[in-house]
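First comes the structure, then the notes that go with it.
The values are calculated or read from the model by the stated rules, or taken from the named source; none is laboratory data. A quick note: this is a predicted structure, and the numbers were derived from the prediction, not measured. Cβ: placed from backbone, ideal geometry, glycine included. Neighbour counts: every protein chain shown. Just the protein is used for accessible areas: all its heavy atoms, side chains included, with ligands, DNA and RNA removed. Shrake-Rupley method; radii C 1.70, N 1.55, O 1.52, S 1.80 Å.
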Amino acid sequence: MERYGYVRVSAKDQNPERQLLAMQEQKISKEKIYLDKMSGQDFSRPQYVNLLKKLKKGDVIIIKSIDRLGRNYGEILEQWRKITKEIGADIQVIDMPLLNTNSFHEDLTRVFISDLVLQILAYVAETERAFIKQRQAEGIAAAKLKGVQFGCKKTELPDEFEEYYQLWRKGEISLRKAAEALQMNHTTFYRRCMERQKITEENCLKK
């Protein structure tokens, strides 16, 4: 059985010292500690991939906290399944020993208990996200009732828009020429023309 440490920081300027110190306290040798540094948007983890290649059944991967395995609980659950089910290795979470798959009972029971705890954590996290979205939606709805405007307000169309729209639609004037005559950006003119055309088509369908 081999014991490996995995350390991840989310940006190159963040200091992994706290996690490395935790690995030393667990008596993990430097050559068995895998460290990844990446930005919040880039989640490419070459050292983590290398660690998974080395990991064998019965080995233990040690992490400081559960969020070192992924950006969200969906990803954490997937990595958890890969390590404990596909590879057959154990996970030790320093900050939350309740999740450790190598500290409970033998065989299936210890994995079952830690899986259950992780599923509960994932459920709580997802529920909290749903509550946040619901509160945001309720807040927006209440603000709209008070007359608060959201998003960019469309600028009023020039009085001659309809005239130039019809000329452009008939091919009697180019898109850019029509936009210039109306003192509009040509992409804005085209977008408003498409909106005008859609309204016309919808009105025809209603008849």
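Once the stretch 15-70 is narrowed to residues that are touching a residue at least 40 places away in the same chain (Cβ under 8 Å) and part of a loop (DSSP other than H, G, I, E, B), the residue that is most open to solvent (accessible area, probe 1.4 Å) is Lys56. Looking at the stretch 99-137, which of the residues that are over 23 Å from the mean Cα position of the chain (by Cα) and open to solvent by 90 Å² or more (accessible area, probe 1.4 Å) is modelled with the lowest pLDDT? The extreme case among them is His105.
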